[in-house]
Each structure stands twice: as C-alpha cells, then as structure tokens.
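I have placed the structure first, in the form of structure tokens, so that the comments after it can refer back to it.
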Amino acid sequence: MKCGAELHPNEIGLHKKLVNRGSTEFMCMKCLSEFFKISIPDCEKLIKNFKEDGCHLFI
Ligand SMILES: [Zn+2]
C-alpha cells in the first residue's frame, strides 16, 4: 500500500502477522522493515519462523 511494489504472498502474510490480520492493504517487506525498524534479513527470518510454525499465511 505504501510503495506500490508487487507483493509476494509471504509479505502479505508478514504484514498480517505484524500489523493486522484483517488488513486489506499491505506493505512490502522493505516498507515493513522500515516501519518496524527491523532489517530485511530479520523479516525473512520471521517469515521462516512463522512458516515453520505451520502458519497457513506463508508459502
Ligand atoms: Zn513497499
């Protein structure tokens, strides 16, 4: 929703986890990392963790 970048489903999943599950507009990983002051590799680590937890939001 912020920069108009094309979103990977995992970025949408991450947004839902970090911001709001009911969101209909999403930030890409870069914008999320800036918003939450976390690094891109940390975002990827989070996605990996969520995925390993079996969260269906991630592929
Ligand atoms: Zn963005």
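Remarks
- The chain, helix-only ellipticity at 222 nm - DSSP H runs n ≥ 4, -39,500 (n - 2.57), divided by all residues, nearest 500: -15500 deg cm²/dmol
- Dividing the mean sequence gap of close Cα pairs (under 8 Å, 6+ apart) by how many residues the chain holds gives a relative contact order of 38 percent.
Throughout, read-outs are computed from the coordinates displayed, never taken from laboratory work. Here the structure is a predicted model, which means the values were calculated and not measured.
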